[in-house]
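Student: Sharing a structure with you now.
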Amino acid sequence: MPFMSLAVLPGAVIRRRITEVSRRLARCRQELQVAEEQLMYFSDTESDAQLRALVSETPMADRELRDAARHAAAMTGHRERLQAEIAELEERLDALLDRLSTRRNP
């Protein structure tokens, strides 16, 4: 579908896009909640691995620490991408709502 400026969209199209963006936003917020719970788990696992590596000083403990740190870093990146997408969707939703409001109250 070719890009249309918000200025030329009819009210029904704007309302449909508001619904679509709202649904996507809700899904992203749910996914963010799950990602934050998983990040807490991975962060705890990394902390435990750091302690084991410090106490045992074995290659296996060091490897476990690297793996745990890699998982925590990956989940941190995932969470940051979700936060950025949520911010983008919120901006898009605000713009659509503003546009719909302007159409109703000229």
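Values in this text are rule-based calculations from the coordinates and carry no lab data. As the structure is a computational prediction, the values presented were derived from the model and not from experiment. A quick note on method: Cβ atoms are made from the backbone with ideal geometry, for glycine too, and the neighbour counts reach across all protein chains shown.
Student: Being surrounded by 13 or more Cβ atoms within 10 Å (Cβ to Cβ), in a helix (DSSP H, G or I), at negative phi and of a type outside the set (D, E, K, R) is the requirement here; does S101 meet it?
Tutor: When the stated conditions are applied, S101 does not pass them.
Student: Of all residues in the range 29-72, which are in a helix (DSSP H, G or I) and β-branched (V, I, T)?
Tutor: Residues satisfying the conditions are V34, T45, V55.
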